[in-house]
1. Search the structure for amide H atoms under 5 Å from the amide H of B:Q293, placed 1.01 Å from N in the peptide plane, and list their residues when 5 or more places away or on another chain.
2. Counting pairs of alpha carbon atoms under 8 Å apart in space and at least six apart in sequence, what relative contact order in percent does region B:798-852 give?
3. Rounded to whole Hz and in sequence order, give me ³J(HN,Hα) for region B:701-709 from the Karplus expression 6.51 cos²θ - 1.76 cosθ + 1.60, θ = phi - 60°, writing x for Gly and Pro.
4. Relative to the present Cα-Cα distance, how much length would full extension add between B:D616 and B:K308 at 0.36 nm per residue of separation?
5. Against the globular-protein guess of 2.2 N^0.38 Å, express the Cα radius of gyration of region A:86-207 as a ratio, rounded to two decimals.
6. Given all pairs of different Cα atoms, what value in angstroms does the Kirkwood hydrodynamic radius of region B:231-293 take?
7. Over chain A, what lengths in whole Å, largest first, do the semi-axes of the equivalent ellipsoid take, defined as the square roots of 5 times the eigenvalues of the alpha-carbon gyration tensor?
8. How large is the convex hull of the Cα atoms of region B:685-744 per residue, expressed in Å³ as a whole number?
Amino acid sequence: MSPHEVDGVTELPAPLRAWEFGAEKPAQPAMGFLTDMSLCIGCKACEVACKQWNQIPDDGMHWTGNSLDNTSHLGSETWRHVKFIEEFGPDRENGRFTFMSDVCKHCTDAGCLNSCPTGAIIRTEFDTVYVQDDICNGCGYCIPSCPFGVIGRAESDGGAHKCTMCYDRQQVGMEPACATSCPTDSIVVGPLDELRERARTRIRDLQARGEQVQLWGDSPELAGGLNSLFILNQPPEKLGLPTSARTGRHNLKQSYFGHALVALGWVAVTAAAMARSRR
Amino acid sequence: MDLANADCVLVMGSNMAENHPVGFRFVMEAREKGAEVIHVDPRFTRTSAAATRYVPMRSGSDIVFLGALVNHVLTNEADFRPYVVHYTNATAILPEEYVDAEDGGGLFSGLVRPDQGSGDGGEAPSGVSTTAMAHEGAGTHAHGHGQVHYDPREGHWGYGQADPAGPAFSIDTDPTLQHQRCVYQVLKRHFARYTPEMVERVCGTPRVDFEAVADAMVRNSGPERTTVVCYAVGWTQQSVGPQIIRTAGILQLLLGNIGRPGGGILALRGHASIQGSTDIPTLYDLLPGYIPQPLAGEEHKDLAAFLKAGTLPRGLWSSFPAYFISLLKAWYGPAATAENDFAYEHLPKRTGDHSQQATFATMLEDRVKGYLVLGQNPAAGNTNARLVRGALEHLDWMVVRDLFETETASFWYRSPGVDPLRVKTEVILMPAAASAEKDGTFTNTQRLLQYHDKAVDPPGDARSETWFMYHLGVRLKELYHGSSLPRDRPILDLTWDYAPNPEKNARFRLKDEPDVERIIAEINGYRLDPESGRRRQLQDFTECRDDGSTACGAWIYSGVMPDEGVNNARRRKGRPPTFPEWGFAWPKNIRMLYNRASADPSGKPWSERKRYVWWDEAAGSWTGLDTPDFPVKTRPDHVPAATAAGLDGIAGDSPFQAKPDGKGWLFAPSGMADGPLPTFYEPTETSERNAVYAQQDNPMVKRFDDLDGNRKAQPADPAYPYVLTTFRVTEHHVSGQMSRWSGWLSELQPELYLEISPELAHELGIEHRGWVTVETPRARVEARAMVTARIRPFEVAGRTLHQVAIPFHFGYAGRVTGDIANDLLALTEEPNVAINETKALVCNVRPGRRPR
């Protein structure tokens, strides 16, 4: 069946993933973020540029006292979020103050996409994960399905929202807003293959300088591999990042089996009961 | 941009990563190329986090730290000797009568105390003179009647002999630097007491940290390497601000780091185009291009007197008459003629101190009727903001032009404790246009002008500042039209040909926005063809004439529009390393000032690694990666004749052509109101006795002690035991008058907080996130407690001294509100530039909210 005849509708625009319906895959490479903590100065320009470009409302005025972080976490209204970690011993020797700009991971095996019952969450031609606002019905299944706590549901429109990797900007050849605004190029966007190479070179350089850094996001253990790569100068656990993440689908696979057994059991019990009652 | 070429970056008096994140990009670039990045600051901030080394230092002790670096360089003879001998005034021999602070208990010769009269008033010889003009530093803010001040002539700060009959002068020098009275030796004695021990005692900086900085700077200076210094208001907003910068200047000259790639001292600018508003100033004592505003009275009674006072025998300021008369021609056009002193009479004259601080004192005396406030928020942003709000009540009227209803615009009904019924001030709020809603230029930290085009109309009645000023001028001209009164001539004679350009306004709703590029054309300057009467744009300031044949609105900007319709500030071409076709850098598109110093005395680059501008013998001119900041045909071995004047008087090995001797001034014979060399004084309000000199604090500071509500703590006052500094965060803009109205910025920092160390919090029983009250003799302010180890206690003079810090971004207007931290501060004026002191004072801290 040609995609143009889905459900008998013939006027549908060209689908976003035509190649899944047999069309030739376009040359557009998978795109990703590379966020480098070792260059981040914690200025939050990414947070603000993201909100401005995407016209996301503020998240409320809450002073947390948690270092300089008052937006606290990613969610429907915060698509880039800068974490602050203060580490100072009593003598303040080797004190550290580190910043990490977190963002949607655009997973290969995206929990939100897998669990979305309406098809609102799709994979774009940039291999990014995108929520179509006009299709999302606000069921919220995506929220517990995300292993990184990225997506949230907005009170304003009841829909689920998260980073789009500036899908609209990328479609016209522009860089996402966060990367454009980053004054130190701590956030870069590009073809994922190039970013991986860039990250490896950068990590080699930093390690040669004696810095403790690691690449995070490349492992298939993390939801099949992520399109958002991070160079971390802190252990991932300290930043709230898991070292392995399975998405809802995996959990569901197991529970499908479990549920099937239970269901079979009930069928057997019911059948037995019916058989008995007939007697 | 050149920061990226540095081998070592010292950031001090600035939280650069937070407040100048875009410029900090180049510091990061340098760091990634292997440069050391050092942050000296009382607080561990986002800048400290990005630095390779953080060094703690008590607020207000900067001169001791920098002075000790100078001492380190001199004691170890680590100076860049050929640079120092040729390019600075280290060799100049000072008069015998000069007495240094070293021998004067912290004061120099030439001190005039009002109760002692003004001494003998004798005229001292002045080769490199002591002219008190603005381009030499005015020093006229604070010393009015009854104020202690220096008379540099009486103090014999000047060196060299001038020929009273002409421009010739000679300077006694000692190229071996051995003469006991040569500047090098004077410097050595002056800074001898600035030792690492003194740094430990006064700054509370551990000796190892200080020595690491000294080592790094020395190691990264010389022919092959350079160090840059970045500062901001952490230095300037102190009672000794300009002298802190002077100390850094001395250090950088000794290390040979001025005029060379990756070197210099960068004044980081905290607002878009604040550099522009100094160049074409919003200051009461300056005219465009650092020309002083003339004084009322005898001193500048006519054009001749003013020109005589402002003209230096040699160097760039020898053409002062050409710059000034061209300015008068730009402003008054045909009405400025040789016969009428080029309308010199039209210029308002200074009658005294009309700086911002002093103006509020005058308001309290009911001597100011009206007040125009453009893009400023003194009711929250000025020191002693409470006193300021009180002063505003004395006005008859005030016009505020801003994007929002700021604290200043709403003071009459929202200021704490105010009774609107009793405020007589008529307040008019006029909505202003934001930068994307108007044409204009930004001039940034590196003197780079960048033009921006209007993108959209401003909403509703909002209009640009240019619109306001232009139409105000048009209406005033209409009002005075036909008047024959001489006092109305300055308005009637103003050239005002910036009429709206229908073509440019065609695609916008607003059709009466004036043509900004007409203003830039006038700023650039032009020559009127005597026959056709047509304008021909000047190519650069060297075309300015003193005969009335040229007009130029700001000589330093000349070249920004060298032809009709050629706006160099619009250029956006990138060509590394200096991007000469990106915007326009004043003067003459020079990207780095004094760049002749990047070559050795013979004109060759000091090293291949640091080559920048050099002498091309074959071409007989200076050339390189940038426009040479030097007479391009002056040979490196040029020795001026004794009678040579102007730029011919600058020797081939003297890169500092703005100075009459062409040398970098280690010792400043003129220009500084509070001494020719920096001396450490404690802040006006401090917990400490001055351990360096008997003189406690800067005696030239104007203190406004007699104003109600401006009381100050005594030195070491036990009621105010903690050091307080104010600061900014990256999330807000100054008093918040733009940022606190944006949800996106406000949510990032929604409340006022006090940064306090865990040690002090423990001592005072203050809980993290709880309430805390800060108290000074002026006010009490409540804030949330941010208990953080980024703040640390200092060991000062053998005991533990606590410091706390508060951002000054809050007020009673906007989406997020809070107490006004500036209510805590006192109104004071530093003597050179009338700056307020915000970075070092004392306070008390108590747990809990302020009493209501």
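1. B:L286, B:L287
2. Across region B:798-852, relative contact order equals 17 percent.
3. 5, 8, 10, 6, 5, 7, 7, 4, x
4. Going from the current span to full extension adds 107.2 nm.
5. My calculation over the Cα atoms of region A:86-207 gives 1.30.
6. Final number for the Kirkwood radius of region B:231-293 is 13.3 Å.
7. The equivalent ellipsoid of chain A has semi-axes of 38, 26, 20 Å.
8. 170
Computed from the coordinates by the stated procedures, all read-outs in this text should not be read as laboratory data. Computed from a predicted model, the values in this text were never measured in an experiment. Every residue, glycine as well, gets a Cβ built from its backbone with ideal geometry; the counts of neighbours run over all protein chains shown.
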